[in-house]
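Enquirer: Supplied in structure tokens, the structure appears directly below.
The values are calculated or read from the model by the stated rules, or taken from the named source; none is laboratory data. The structure presented is a predicted model; accordingly, all values stated were derived computationally and were not measured. Here the Cβ positions follow ideal geometry from the backbone for every residue, glycine too, while neighbour counts run over all protein chains shown. Calculation scope for accessible area: heavy atoms of the full protein, side chains included, ligands and nucleic acids excluded. Shrake-Rupley method; radii C 1.70, N 1.55, O 1.52, S 1.80 Å.
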Amino acid sequence: MNAKTYGEKEGFIVFNRVKNISEDNDGLIWISSENGLQSFNGTHFKNYRHSTKDTNSLPGNNVHFIYQDKQNTYWTYIKDKGLYNYDPQKESFSKYRYQNEKEFNLHQSHQFQIGRPFEDREGRIWFPLLGYGLAELNRKKNLVIPYKICIPRNCGGFYNASWVTNIFEDNMGGFWLATNGGLVYFNKQTGGYEEIIEPDLQVRSVFEERYSVFN
């Protein structure tokens, strides 16, 4: 792909509505925005954008996140395009394919959006699905296992518990889900869940002191 360094002097806006900032396992900073994807090595920025002439280029320029897991796999979600993997050696992007894609299609943006991945203590990858719940990636079988969060009178819409925005794992291995419809506890062993805080509270993040919740 055409990975070039641009600056605002050349008429290119480097940052426009930043969605997410992450650091990979080599210390490279990644900035996801509505104007493509940028990496920063401490000295220079490199910009990745979509090119109609290059099928391996960034599929679209509205990038929600890029995340490198502990196995060095890069995951990135592009609005209206789906979930992709980035190959740093080839500087190319390829759509993530899995065995049960026909039964449950992560790439269908009209159903939900994909939030930044969460890697638990066991090395399992989880994706918040905004408007649905959660999805777990089974690496060995290359399957995506969906978990719909649907609490009565608190399900499906933007201001509901189905809109998961953040995952926190406690010392017992349970998940505390920050959602637009309150705080939800999720048991990853059974797939069961329960409402902890009523849906009139929009929870953004959870962290441990023991447990603290920020609205």
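Enquirer: Rounded to whole Å, give me the distance from the Cα center of region 27-59 to that of region 70-124.
Expert: Between the Cα centre of region 27-59 and that of region 70-124, the gap is 17 Å.
Enquirer: Compute the length gained on full extension between H44 and K90: take 0.36 nm times their separation in residues and subtract their Cα-Cα distance, giving the result in nm to one decimal.
Expert: The H44-K90 span can extend by a further 14.6 nm.
Enquirer: Continuing with this model, one more query. Sorted by packing (mean other beta-carbon atoms within 10 Å per residue), highest first, where do 159-165, 113-119 land?
Expert: In decreasing order of mean packing, 159-165, 113-119 become 159-165, 113-119.
Enquirer: When the accessible area of region 70-160 is computed with all protein chains present and a 1.4 Å probe, what percentage of it is carbon and sulfur? Don't jump to the answer; show the numbers that get you there.
Expert: On the way: 2200 of 4830 Å².
Looking at region 70-160 in its full context, I get 46 percent from C and S.
Enquirer: Restricting to Cα pairs below 8 Å that are 6+ residues apart, what does the relative contact order work out to for region 44-161? Please round to a whole percent. The partial results should precede the final answer.
Expert: Details: 209 pairs, mean separation 17.7, N = 118.
Here the relative contact order equals 15 percent.
Enquirer: Can I ask one more? Given a cut-off of 28 Å, name the pairs among K19/K53; K70/K148; K46/K102; K46/K141 whose C-alpha atoms lie farther apart than that in the structure shown.
Expert: In this structure, K46/K102; K46/K141 lie more than 28 Å apart at Cα.
Enquirer: Which residues' amide hydrogens lie under 5 Å from the amide hydrogen of N35, considering only partners 5 or more residues apart or on another chain, with H built in the peptide plane?
Expert: N16, V63
Enquirer: Right, another one. Accessible area per residue for region 18-138 in Å², computed with a 1.4 Å probe and the full protein assembly in place, what is it?
Expert: 47
Enquirer: Could you give me the ³J(HN,Hα) list for region 64-81, computed from phi with Karplus coefficients 6.51, -1.76, 1.60 and θ = phi - 60°, whole Hz, x at Gly and Pro?
Expert: Each residue of region 64-81 in turn: 8, 6, 9, 9, 9, 7, 5, 8, 6, 8, 8, 10, 9, 10, 10, 4, 6, 10 Hz.
Enquirer: Peptides 96-105, 53-62: what's the order by average Cβ count within 10 Å, highest mean first?
Expert: 53-62, 96-105
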